[in-house]
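Chemist: If you scroll down you'll find the structure; I have some questions about it.
The values are calculated or read from the model by the stated rules, or taken from the named source; none is laboratory data. A quick note: this is a predicted structure, and the numbers were derived from the prediction, not measured. Heads up, the Cβs are rebuilt from the backbone with ideal geometry, glycines too, and the neighbour counts pull from every protein chain shown. Areas reflect the complete protein model, heavy atoms only, side chains present, ligands, DNA and RNA absent. Shrake-Rupley method; radii C 1.70, N 1.55, O 1.52, S 1.80 Å.
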Amino acid sequence: MLKYNIIPKPTQYQTYDGSYSVSSATQVLAVPEFVSAANFLTAFLKTNPDPKEDAIHIKKVAGMQPESYTLKVSPQDIMITASDEAGAFYGVVTLKMILMQAEKREGKAIVHALYIEDKPLYNYRGLQMDESRHFFGTEIVKQVLDNMAMLKLNTFHWHLTDDQGFRIESKVFPLLNEIGARRKYAGLKGCTLKNRGGEYFHYYTQEEIKEIVAYAQKLHIEVIPEIDVPGHTLSVLAGYPELSCNGNPVEVFCENGITKDILCAGKPEVYDFLDKLLAELCPLFPGRYFHIGGDEAADGHKIWDKCPKCQKVMQEQGLSNAKELQGYFMSRVNEMLKKYGKTTMAWNDCINDSFDESIVCQYWSGHNLKAVREQAYKRDLILSPVQYFYFDIKHAKVSLKKVYSFNEKKAGFGKPGQRIRGVECEHWSEWLDSKEALEFSMYPRVAAFAEVAWTELSNRNYKDFLQRLEWYKNFLKKQDIHYSRVTKKMWSARQAQHFSLGVDGNEFKRSEELRLLEK
């Protein structure tokens, strides 16, 4: 019997004889708690319901796992059950995917009888976008959110500040935008590429932030902002150089890479600045989490080692080195976020036992893997290993098959007692400088990632995934998305440039050749 191409793959999927016809007259009936899911479905169906017609029912059933659902199609009706709004929404999302594939006859969609029982593997299924290096804008972000929802991804990690730009409006500290959101060149220098384009000046207003957050909420996606500290802060120091150790004037960075510039850990005014900034920004994001980065600050530690104010704090706090001083710095920022009702997230290369156990560790770099494994017993952990989930890296190094092959046990985790909350894929945008470059990096790898995030390892099969992926590619074509036709190692991974280089890269150019041949 016919099985529809559903990504991510459901937990259980059975087919039966018979079918049910859905038309514009079909009613969608939901309990009051699930009206938003019903509205999402009716918006897709563009229904003009007839009370005499049969109906799609969305019902609440107690005791089901969060975000889980059942979907039953019989000749009499279609029934979705869930215990919470997210589960009802994902049931509707699956039905939408089925309706898009169903046979159309005389204005009706003929849906074959089936029963699906489904639940997520991880409760955190994240996608990150970096808009400091390159800014994409409201409409592109909304399209990404729409496609996240179709793949049942539920967390949007929004990297809004870095050395190359401060992309969120601050009314309290206007120079973060007047100076920090502006750089001399659009294109960043590095990895064989030179600076190109003229002045680059972009940031989101607070109203635009609210609009995107509200849009995401309707899709059951939590938005987690990232304001990176104490390193990756050149765009902050460009406007407020007095927050550094030496107070020297600096400019927003126009290159790829890491700078040594860092916020001073010994100046009280730095903590006052951060407290006021977080007080302003936290209300824009009603979700639970706030990411404060903390990564790649080692070069800045050398500045702290020579700073009298930093050294004084180290002596007063009994700290042995700059790494411990960063722990002190991050802990103070964590206390600020607690005050504003947020749970802190930070990258793994800064976290150690001195950190409050409420701080969520996001694992990306394996240089301290043993320590991160130990941290997983003490605090929640999000897995974003470079070799599997960094999608700014070329397909020759992070292939579709590589993404799909992720297994947390082989990655060194998954032991009893470890608090693995979920997984996240990353889209750093040094070279993802256009909508097309972002799409090439993201799709179709994000579909493989979504299945890893939702579907139990024992239920996954790469050949089966590839068959279902063919429908998903057609879905992307209808949106005019420049997904990558290059999914295998077409060049030696050893010789290939590490990053995709966006539209300037050989992989993108080859993918475009293949795309044009399809027309």
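Chemist: Please work out the Cα center distance from the range 404-435 to the range 249-327, rounded to the nearest Å.
Modeler: Going from one Cα centre to the other spans 26 Å.
Chemist: Give me P(r) over the range 1-123, computed from all C-alpha to C-alpha distances, binned every 5 Å, as integer percentages.
Modeler: Cα pair-distance distribution for the range 1-123, in percent: 2, 12, 23, 26, 21, 12, 4, 1, 0.
Chemist: Report the percentage of all Cα-Cα pairs in the range 155-261 whose separation exceeds 19 Å, rounded to a whole percent.
Modeler: I get 48 percent for the Cα pairs in the range 155-261 exceeding 19 Å.
Chemist: Could you report the range 263-359's accessible area per residue, 1.4 Å probe, as an integer in Å²?
Modeler: The answer is 42 Å² per residue.
Chemist: Would you mind estimating how fast the range 296-386 diffuses translationally, via Stokes-Einstein at 37 °C and 0.692 mPa s with the Kirkwood radius over Cα pairs, in µm²/s?
Modeler: 236
Chemist: So with the 1.4 Å probe, I'd like the accessible area per residue for the range 129-255, rounded to whole Å².
Modeler: Dividing the accessible area of the range 129-255 by its residue count gives 34 Å².
Chemist: The range 84-110 to the range 113-176: how many Å between their Cα centroids?
Modeler: Centre-to-centre (Cα) distance: 25 Å.
Chemist: Tell me the angle of helix 322-339 to the major Cα principal axis of the chain, expressed in degrees between 0 and 90 and rounded to the nearest ten.
Modeler: 50
Chemist: About the Cα centre, and with charges only on the beta carbon of Lys, Arg (+1) and Asp, Glu (-1), how big is the dipole of the range 256-396? Nearest 20 debye, please.
Modeler: Charge dipole of the range 256-396: 40 debye, to the nearest 20.
Chemist: Of all DSSP beta bridges located in the chain, what percent are antiparallel, nearest 5?
Modeler: 40
Chemist: Is it possible to state the helix-based mean residue ellipticity at 222 nm for the chain, with each DSSP H run of 4+ residues giving -39500 (n - 2.57), the sum divided by total residues, to the nearest 500 deg cm²/dmol? What is it?
Modeler: Calculated from helices alone, the mean residue ellipticity at 222 nm is -10500 deg cm²/dmol.
Chemist: Using a probe of 1.4 angstrom, how much of the accessible area of the chain is carbon and sulfur, in percent?
Modeler: 50
Chemist: Moving on. Which of rounded, prolate or oblate describes the range 392-456 when judged by the alpha-carbon gyration tensor and an a/c cut-off of 1.5?
Modeler: It is prolate, given that a/c is not under 1.5 and a/b is the larger ratio.
Chemist: Roughly how much of His112 is accessible, in Å² to the nearest 10, using a 1.4 Å probe?
Modeler: The accessible area comes out at roughly 70 Å².
Chemist: Assuming a viscosity of 1.002 mPa s and a temperature of 20 °C, what translational diffusion coefficient in µm² per second does Stokes-Einstein assign to the range 130-195, Rh being the Kirkwood radius over Cα pairs?
Modeler: This corresponds to a translational diffusion coefficient of 157 µm²/s.
Chemist: For the range 1-153, build the charge dipole from Cβ charges (+1 Lys, Arg; -1 Asp, Glu) around the Cα centre, then report which of His57, Ala149, Ser83 sits farthest towards its positive end.
Modeler: Ala149
Chemist: Can you tell me, using C-alpha contacts under 8 Å and at least 6 residues apart, the relative contact order of the chain as a whole percent?
Modeler: Value for the chain: 13 percent.
Chemist: Tell me the relative contact order for the range 255-406 as a rounded percent, counting alpha carbon contacts under 8 Å between residues six or more apart.
Modeler: 20
Chemist: Just check the range 247-340 against the gyration tensor rule for me: Cα atoms, a ≥ b ≥ c as the square roots of the eigenvalues, rounded for a/c under 1.5, and otherwise prolate or oblate depending on whether a/b exceeds b/c.
Modeler: In terms of gyration-tensor shape, oblate.
Chemist: A further question follows. Please compute one quarter of the surface area of the Cα convex hull for the range 295-348 and express it in square nanometres.
Modeler: Mean projected area of the Cα convex hull: 4.1 nm².
Chemist: How big is the Cα convex hull of the range 211-297 in projection, averaged over all directions, in nm²?
Modeler: Quarter of the Cα hull surface area: 6.8 nm².
Chemist: Using a probe radius of 1.4 Å on heavy atoms only, what accessible surface per residue do you get for the range 1-105? Whole Å² is fine.
Modeler: On a per-residue basis, the range 1-105 sits at 47 Å².
Chemist: How do 71-83, 421-433, 2-14, 96-108 rank on mean C-beta neighbours within 10 Å, highest first?
Modeler: The most tightly packed comes first, giving 421-433, 71-83, 2-14, 96-108.
Chemist: Suppose every Lys and Arg Cβ carries +1 and every Asp and Glu Cβ carries -1, with no other charges. What dipole size does the chain come out with about its Cα centre, to the nearest 20 debye?
Modeler: 1520
Chemist: Let me ask something else about it. Report the convex hull volume per residue for the chain, counting only C-alpha atoms, in Å³.
Modeler: 159
Chemist: Given 0.36 nm per residue, what is the gain on full extension from Arg196 to Leu514 after removing their alpha carbon distance, in nm?
Modeler: 111.7 nm
Chemist: Still on this structure: If eta is 0.890 mPa s and T is 25 °C, what Stokes-Einstein diffusion coefficient results for the range 248-302, Kirkwood Rh from Cα pairs, in µm²/s?
Modeler: 178
Chemist: How charged is the neighbourhood of Glu436? Take every other residue with its Cβ under 12 Å from the Cβ of Glu436, and add Lys/Arg as +1 and Asp/Glu as -1.
Modeler: Once all neighbours under 12 Å are counted, the net charge is -2.
Chemist: Which Cα, out of Phe406, Cys264, Leu284, lies furthest along the positive dipole direction of the chain (beta carbon charges, K/R +1, D/E -1)?
Modeler: Phe406
Chemist: Using only the alpha carbons of the range 41-188, determine the length spanned along each of the three principal axes and report them from longest to shortest in whole angstroms.
Modeler: 63, 39, 27
Chemist: So what's the projected area for the range 319-476, the Cα convex hull averaged over all directions, in nm²?
Modeler: The directionally averaged projection comes out at 11.6 nm².
Chemist: Cα-based Rg of the range 6-74 per 2.2 N^0.38 Å, rounded to two decimals?
Modeler: 1.22
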